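Remarks on the structure that follows.
The values are calculated or read from the model by the stated rules, or taken from the named source; none is laboratory data. Keep in mind the model is a prediction, meaning the values are calculated, not measured. Don't worry about glycine lacking a Cβ; one is built from the backbone with ideal geometry, like all the others, and counts go over all protein chains shown.
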Amino acid sequence: MFENLTLFDSQVSLDISLIQGDTREVILEFNDDAGSAIPLAGYDIKLTARTEPNSEAYPVFEKTIGAGISVDDNTVKVSFGAELITIRANVLYYDILFKKATTTRRFVAGKFFIKSSVTI
């Protein structure tokens, strides 16, 4: 799955469908409103998925750079796999935190729709 995200001054909502136990990569390309690449070098990037859309809900899984997230220029690749095998929820809520020096932004948020599998 590839998404080209044009960022204005607000958060992009992106819902993603996943199948329990399948490996999947979601590739996000970040551009400004003029269409220019937003360089992501130097950012700490973290994705957290929870059962409720708030920070008080228990995190089901997290991904960081080197642990499920890779970055190349203005592209973020999020990889999914084994962490989906034991998930029993149909819907999880997530956002992706970008942090650099004094800047903290959540450019992307949405829902993971997880379809159950019979064979795992």
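Assorted remarks:
- Among the residues of segment 85-110, those identified as of a type in the set (Val, Ile, Thr), at pLDDT below 90 and closer than 17 Å to Ile16 by Cα are Ile85, Ile87.
- Within segment 33-83, the residues that satisfy the criterion of being under 24 Å from Ile120 (Cα atoms) and among the acidic types (Asp, Glu) are Glu62, Glu83.
- Among the residues of segment 21-43, those that are in a loop (DSSP other than H, G, I, E, B) and either among the hydroxyl-bearing types (Ser, Thr, Tyr) or surrounded by 11 or more Cβ atoms within 10 Å (Cβ to Cβ) (or both) comprise Gly21, Asp22, Thr23, Ser36, Ile38, Pro39, Leu40, Tyr43.
- Yes/no for Lys46 being within 30 Å of Thr119 (Cβ to Cβ) and surrounded by 15 or more Cβ atoms within 10 Å (Cβ to Cβ): no
- Restricting segment 67-97 to residues that are in contact (Cβ under 8 Å) with a residue 12 or more places away in the chain and over 15 Å from Ala49 (Cα atoms), the residue that is surrounded by the most Cβ atoms within 10 Å (Cβ to Cβ): Val76
- Only one entry in Leu18, Leu47 is of a type in the set (A, V, I, L, M, F, W, C), at pLDDT 90 or above, more than 13 Å from Tyr93 (Cβ to Cβ) and not in a loop (DSSP other than H, G, I, E, B), namely Leu18.
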